[in-house]
Every structure is written in structure tokens, then in C-alpha cells.
Amino acid sequence: MKQSVKMIVGNWKMNGESTGAKEFERLAARLIEDPCRVDVAICPPATLVERFARMGGPAGIGIGGQDCHPEPRGAYTGSISAELLFEAGCAFVIVGHSERRQLCAETDAIVSAKADAAIRAGLAPIICVGETLAEREAGEAVAVVRQQILGSLSDRLAGREWALAYEPVWAIGTGRTPTLEQVAEIHAAAREAMTERLGDCARHTPILYGGSVNVDNAREILAVENVGGALVGGASLKAEDFIAIIHAAELALVAAGAQG
Ligand code: 13P
């Protein structure tokens, strides 16, 4: 999770039955054959975590959970703790994804408690924020994202490994993406809110963009200032597409190096 390295994370959501392991195997084989300069991670459904952690290790693919419970253990049927994810081989966990904020009524306070749980267990949380279409159209995108950041980050993150992911709700799974100017505006505002909340240590924390990232748009999005990587949904399910996005990230890094 270094600022100088792009981070490409695949969020498989509730997908991957039957053919998933084959795609993952293909991805791992390609990365062993042709190692890349970006940090690559996959967040599969919990049932695949242990298997993918074993298969992905030699290829350098980090494995993440898609959610965790704030408590380390207890009578919480159906939930998974950050500690269990860690023991299964995870290095990351996504918290506060908009699908959970919306479908499970997760508030900023709950998201913050989950991020704390991740730190407690030794995982790097990927904390998601993003405005709805109505909020964007009302001109409230910056204010909403800022508020979510201030409410979802706790002091425990200071000096730790973690990442923010900006995912506009209206861009998820729709094929629509913000303009590059809009991405730049939100990522700059996010950086400001993160440093306001945690101080200078948040200057180098990666901020990922997520929402309809694909083979065609990845390179230009990843070249935007303050975009430290991508959180990829649909396009992470096919190894070929995901590899093309990884290559786009490498090209963005080379271009940034040439400029700097
Ligand atoms: P899509 O890439 O399918 O739009 O999903 C984005 C996302 O929600 C990743 O967490």
C-alpha cells in the first residue's frame, strides 16, 4: 500500500461459484509468469478466501474480505469477524461498501467500528464512501463524501495501513462513470478530509476509485491526481479483463514516473 504503487483490488461480491476458481487460477498463473509492479488483491466471497489465499500467495495476490463484524467473536449468526478473516489468510477487508450501507443500513459509526476491528485483527481496511445520484444532482457530492469520511474514520487508523475507496453509488454496475474532473475534485476533497481527520499521516494513504472501471477507462482514471488505484467489481471476475486493468495501472505508473 505505497503511494508510489497503484493498488488494483477486485471485489467479487456474491459471485464466483463453479467457474470462479478457474478464473482465479488463470489470474495467478499470469502474474507468476509476468509479475507486475502494482499491488493486486481479490476480495472473494468468504467461502473462497482460504483457498484463494493458498493459490494466490505465490503470485503475490493479496486476499481480502468483503465485510467484517465489529466484534471479535460471539453470538452473531451469519457474521464473520476480522480475526476469522485474518486467520483464513486475508490481508485486507472492505468496509462500508455502499451495497452494505444501503441494504444493511450501515451508518458511518458502524463502518468506523468495522474499520477499527480490522486494525485490531491486523487487516488493512478499505473504507468505502460515495454519493448517490440524487446527492450528485443536488450538488452535494463533495459535502456527502466529506461527511462520510469524517464519520467513518477513527483515530485508530493513524499511522496504520488502510485505504479509502471513492465509489459513487450511481457508477456502480451501471457503465456510467464521473468525468475525470469530477474524479479529481472528489479525490482532492477526500484527501483534505482524511488529513483533517488524521493529520499528515493520511497524505500517502491510497485513495482508490471504484464504479464501472473497465479495460477501456482504467488508464485515464488511474492517471488522475490522488487516484491511488481502483476497486473493480464486474470487470474483476474475468481474469483477462482484470489483467488488462492491471496493465493499465502499470502504464499509468510509467506515465507518472516520466512526468515526475
Ligand atoms: P463495478 O465495477 O461492477 O461497477 O462495481 C464497483 C464496486 O462496487 C466495487 O466495489
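Regarding the range 65-84, can at least one residue be identified that is acidic (Asp, Glu) and in contact with a His (Cβ under 8 Å, 6 or more places away or on another chain)? There is at least one residue in the range 65-84 that is acidic (Asp, Glu) and in contact with a His (Cβ under 8 Å, 6 or more places away or on another chain). For residue 37, the conditions (1) in contact with a strand residue (DSSP E or B) (Cβ under 8 Å, 6 or more places away or on another chain); (2) modelled with pLDDT under 95; (3) basic (Lys, Arg) all hold with the exception of (1). Within the range 197-208, residues that are within 19 Å of residue 112 (Cβ to Cβ) have Cβ atoms under 7 Å from residues that are of a type in the set (Lys, Arg) and part of a helix (DSSP H, G or I) in these pairs: 207/191, counting only partners at least 6 apart in sequence or on another chain. Annotation: of all residues in the range 160-176 being open to solvent by 50 Å² or more (accessible area, probe 1.4 Å) and either within 26 Å of residue 123 (Cα to Cα) or of a type outside the set (Ser, Thr, Tyr) (or both), the one that is nearest to the ligand (Cβ to nearest atom) is 173. Restricting attention to the range 188-222, which residues are touching a strand residue (DSSP E or B) at 6+ places or on another chain (Cβ under 7 Å) and within 21 Å of residue 43 (Cβ to Cβ)? Answer for the range 188-222, where residues must be touching a strand residue (DSSP E or B) at 6+ places or on another chain (Cβ under 7 Å) and within 21 Å of residue 43 (Cβ to Cβ): 190, 205, 206, 207, 208, 209, 210, 213, 218, 221, 222. Yes or no: residue 179 of a type in the set (Ser, Thr, Tyr) and either buried (at least 19 other Cβ atoms within 10 Å of the Cβ) or over 28 Å from residue 121 (Cα atoms) (or both)? In short, yes. As for the range 139-159, it holds at least one residue that is open to solvent by 30 Å² or more (accessible area, probe 1.4 Å), touching a Leu at 6+ places or on another chain (Cβ under 8 Å) and aliphatic (A, V, I, L, M). Across the range 70-112, the qualifying residues are those that are open to solvent by 40 Å² or more (accessible area, probe 1.4 Å) and either hydroxyl-bearing (Ser, Thr, Tyr) or touching a Pro at 6+ places or on another chain (Cβ under 8 Å) (or both), and the one among them that is nearest to residue 55 (Cα to Cα) is 83.
Restricting the search to the range 6-27, which residues are at positive phi and touching a residue at least 24 places away in the same chain (Cβ under 8 Å)?
As a first pass, look at the range 6-27 and keep what is at positive phi: 13, 16, 18.
Selection gives 13, 16.
Return a yes/no flag: does the range 118-126 have any residue that is closer than 29 Å to residue 145 by Cα, among the hydrophobic types (A, V, I, L, M, F, W, C), more than 15 Å from the ligand (Cβ to nearest atom) and without any contact (Cβ under 8 Å) to a residue 12 or more places away in the chain. Please lay out each step first, then the result.
Quick first cut of the range 118-126, residues closer than 29 Å to residue 145 by Cα only: 118-126.
Remaining after also requiring among the hydrophobic types (A, V, I, L, M, F, W, C): 118-119, 121, 123-124, 126.
Within this subset, residues satisfying the condition of being more than 15 Å from the ligand (Cβ to nearest atom) are 118-119, 121, 123-124.
Those still in the list that are without any contact (Cβ under 8 Å) to a residue 12 or more places away in the chain too: none.
No, the conditions are met nowhere in the range 118-126.
Annotation note: of 10, 56, 20, the sole residue that is surrounded by fewer than 22 Cβ atoms within 10 Å (Cβ to Cβ) and either under 18 Å from residue 240 (Cα atoms) or within 16 Å of the ligand (Cβ to nearest atom) (or both) is 20. Taking the criterion of being open to solvent by less than 60 Å² (accessible area, probe 1.4 Å), more than 10 Å from the ligand (Cβ to nearest atom) and not in a loop (DSSP other than H, G, I, E, B), the residues of the range 208-240 that qualify are 218, 221, 222, 229, 239.
Determine, yes or no, whether residue 32 is open to solvent by 70 Å² or more (accessible area, probe 1.4 Å), under 14 Å from residue 239 (Cα atoms) and of a type in the set (Val, Ile, Thr). Considered against the rule, which asks whether it is open to solvent by 70 Å² or more (accessible area, probe 1.4 Å), under 14 Å from residue 239 (Cα atoms) and of a type in the set (Val, Ile, Thr), residue 32 comes out as yes.
The values are calculated or read from the model by the stated rules, or taken from the named source; none is laboratory data. Since we're looking at a predicted model, the values are computed, not measured. We place every Cβ from the backbone using ideal geometry, glycine too, and count neighbours over all the protein chains shown. Accessible surface areas use protein heavy atoms only, side chains included; no ligands, DNA or RNA. Shrake-Rupley method; radii C 1.70, N 1.55, O 1.52, S 1.80 Å.
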